[in-house]
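Worksheet: the structure to be examined is printed underneath.
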Amino acid sequence: MDGLTVANEQLLHNELVFERNGEVVTDSLTVANMFGKRHDNVMADIRNQMEYAGQEFSLLNFKESKYESRGKKYAKFNLTEEAFTLVVFGYNTREAVQTKIRF
């Protein structure tokens, strides 16, 4: 982990995005919750998109991190707006379609 804990993240916009190191991001847990998907499936989707997008884009827009749940640490990704858009535009749920319309 990069030294920041979840407690240090400033939540913005009804907790859908937060500020981390001066950058507004969301994370894979939030994406899973927003779109009614299992977190492990969202993580797989993110890894696939990172492979398709290439190293340069991925290094700038996806940051692997950790979170704690029930005394254990698990992987998650923080996503920039560009990364969020790339991942969720592949989803075809009602929520994803509404997100696409807003963009």
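Under the condition of being under 15 Å from THR30 (Cα atoms) and at pLDDT below 85, which residue from the stretch 81-98 is surrounded by the fewest Cβ atoms within 10 Å (Cβ to Cβ)? In this case the residue turns out to be GLU95. Considering only residues that are more than 16 Å from LEU86 (Cα to Cα) and in contact (Cβ under 8 Å) with a residue 12 or more places away in the chain, which ones fall in the stretch 38-67? Passing the criteria: HIS39, GLU64, SER65, LYS66, TYR67. Checking each residue in the stretch 54-79 for being farther than 15 Å from ASN33 by Cα, of a type in the set (A, V, I, L, M, F, W, C) and part of a strand (DSSP E or B) picks out PHE62, ALA75.
Search the stretch 3-35 for residues being within 12 Å of the chain's Cα centre (by Cα) and among the polar types (S, T, N, Q), and hand back the single one that is modelled with the lowest pLDDT. If you could, list the steps in order and put the result at the bottom.
As a first pass, look at the stretch 3-35 and keep what is within 12 Å of the chain's Cα centre (by Cα): 16-18, 24-35.
So of that shortlist, the ones also among the polar types (S, T, N, Q) come out as 26, 28, 30, 33.
Values: THR26: 92, SER28: 97, THR30: 92, ASN33: 89.
Once the filter is applied, the top-ranked residue is ASN33.
The one condition from (1) modelled with pLDDT under 95; (2) more than 14 Å from the chain's Cα centre (by Cα) that GLU51 does not meet is (1).
Could you go through the stretch 80-91 and let me know if any residue there is part of a strand (DSSP E or B), in contact (Cβ under 8 Å) with a residue 40 or more places away in the chain and either over 25 Å from ASN21 (Cβ atoms) or in contact with a Lys or Arg (Cβ under 9 Å, 6 or more places away or on another chain) (or both). Scanning the stretch 80-91, I find no residue that is part of a strand (DSSP E or B), in contact (Cβ under 8 Å) with a residue 40 or more places away in the chain and either over 25 Å from ASN21 (Cβ atoms) or in contact with a Lys or Arg (Cβ under 9 Å, 6 or more places away or on another chain) (or both), so the answer is no.
The values are calculated or read from the model by the stated rules, or taken from the named source; none is laboratory data. Keep in mind the model is a prediction, meaning the values are calculated, not measured. Every residue, glycine as well, gets a Cβ built from its backbone with ideal geometry; the counts of neighbours run over all protein chains shown.
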